[in-house]
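Enquirer: Sharing a structure, written as structure tokens. Questions coming.
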Amino acid sequence: MSAEPEIARLSACGVVPVVVIDDAEVALPLAQALLAGGIDVIEITLRRPAAMTALETIAHKLSEILPVAGTVVTPGQVSDVKQAGAKVVVSPGFSEIVDNAMRAANLPWLPGVATASDCMRAVAAGRLTCKFFPAEQAGGTATLKALSGPFPQMRFCPTGGVGLGNLGDYLALKQVICVGGSWLVPADAVAERNWAKVTQLAKEAREKVTALRG
């Protein structure tokens, strides 16, 4: 397990909401709704123009939640998310130039892996905690179990097709520290500003994680 406190916090939470934000104004109430449900981490993906402003808003106005920057694929984005206040960075894949940028930024990084070759590159770079993506499409828990043979030192955050229904299957694996998922923040709930629904989904996930881990 990584000694980095931010990674330990992801592990303690167990579930990382993966959020796509079109309107930066929803960032703060959305994060507050998750926090009210017991989820104290949030991944803002860099898939929309509003993402950087949303990330910065959460980082500077809600210290109780850990701001994670997702879908970071270029060195320039690494600099941008650090300036915005991200405490952890997640990428869909592994890249040497992004790895170099992350070292310069001195931020925890979960690069994405899906195959044994990906894992070899990550291990060679000393990246032992990775995003497993796209989890279900890449073979799900069966693939993770297979990868744990040659790579027992690695830990994973599976993302992609993970939801409340299969959450337990992933968290039951010792190599899985947490899962990522968008089911906690449905697009319709965000569009309707239905924060009560987001809080309820967060509570369900929190209760499930607590029950699974005893």
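Enquirer: Among the residues in the stretch 190-201, are any acidic (Asp, Glu) and either part of a helix (DSSP H, G or I) or within 18 Å of the chain's Cα centre (by Cα) (or both)?
Expert: The answer is no; no qualifying residue exists.
Enquirer: Of THR159, THR74, which residue is within 25 Å of ILE21 (Cα to Cα) and surrounded by fewer than 17 Cβ atoms within 10 Å (Cβ to Cβ)?
Expert: THR74
Enquirer: Same structure again: Which residue, of ALA36, ALA31, ALA54, is at pLDDT 95 or above and open to solvent by 10 Å² or more (accessible area, probe 1.4 Å)?
Expert: Values: ALA31 fails: open to solvent by 10 Å² or more (accessible area, probe 1.4 Å); ALA54 fails: open to solvent by 10 Å² or more (accessible area, probe 1.4 Å).
Selected residue: ALA36, the only one of ALA36, ALA31, ALA54 that is at pLDDT 95 or above and open to solvent by 10 Å² or more (accessible area, probe 1.4 Å).
Enquirer: All but one of (1) part of a helix (DSSP H, G or I); (2) among the hydrophobic types (A, V, I, L, M, F, W, C); (3) open to solvent by less than 10 Å² (accessible area, probe 1.4 Å) hold for ALA59; state the number of the condition that does not hold.
Expert: (3)
Enquirer: A follow-up question, please. Given the condition open to solvent by less than 10 Å² (accessible area, probe 1.4 Å), over 23 Å from GLY160 (Cβ atoms), out of contact with any Phe, Trp or Tyr (no Cβ under 6 Å at 6 or more places or on another chain) and at pLDDT 95 or above, answer yes or no: does some residue in the stretch 39-49 qualify?
Expert: no
Enquirer: If a residue has to be closer than 30 Å to GLY214 by Cβ, among the hydrophobic types (A, V, I, L, M, F, W, C) and in a helix (DSSP H, G or I) to count, how many in the stretch 31-56 make the cut?
Expert: Going through the stretch 31-56 one residue at a time, the tally reaches 5.
Enquirer: Further, regarding this structure: Can you say whether VAL185 is out of contact with any Ser or Thr (no Cβ under 9 Å at 6 or more places or on another chain), more than 25 Å from PHE151 (Cα to Cα) and in a loop (DSSP other than H, G, I, E, B), as far as the supplied structure shows?
Expert: yes
Enquirer: Something else: If you check LEU107 against the conditions, is it closer than 19 Å to LEU10 by Cα and more than 15 Å from the chain's Cα centre (by Cα)?
Expert: Here the answer is no, as LEU107 does not meet what is asked.
Enquirer: Here is a further query. How about the stretch 1-22: which of its residues are open to solvent by less than 40 Å² (accessible area, probe 1.4 Å) and either in a helix (DSSP H, G or I) or without any contact (Cβ under 8 Å) to a residue 12 or more places away in the chain (or both)?
Expert: Correct list: ILE7, LEU10, SER11, CYS13.
Enquirer: Here is a check on your reading of the model: is GLU25 part of a helix (DSSP H, G or I), of a type in the set (D, E, K, R), surrounded by 20 or more Cβ atoms within 10 Å (Cβ to Cβ) and in contact with a helix residue (DSSP H, G or I) (Cβ under 9 Å, 6 or more places away or on another chain)?
Expert: For GLU25, the condition - part of a helix (DSSP H, G or I), of a type in the set (D, E, K, R), surrounded by 20 or more Cβ atoms within 10 Å (Cβ to Cβ) and in contact with a helix residue (DSSP H, G or I) (Cβ under 9 Å, 6 or more places away or on another chain) - is not met.
Enquirer: Under 6 Å by Cβ, and 6 or more places apart or on different chains, what pairs join a residue from the stretch 95-115 that is surrounded by 13 or more Cβ atoms within 10 Å (Cβ to Cβ) with one that is aromatic (Phe, Trp, Tyr) and assigned to a loop (DSSP other than H, G, I, E, B)?
Expert: Going by the 6 Å Cβ cut-off, the qualifying pairs are PRO111/PHE94; GLY112/PHE133.
The values are calculated or read from the model by the stated rules, or taken from the named source; none is laboratory data. Quick caveat, the model's predicted, so the values are computed rather than measured. Reconstructed Cβ throughout: ideal geometry from the backbone, glycine too, with neighbour counts over all protein chains shown. Heads up: the accessible areas ignore ligands, DNA and RNA and are worked out on the full protein's heavy atoms, side chains in. Shrake-Rupley method; radii C 1.70, N 1.55, O 1.52, S 1.80 Å.
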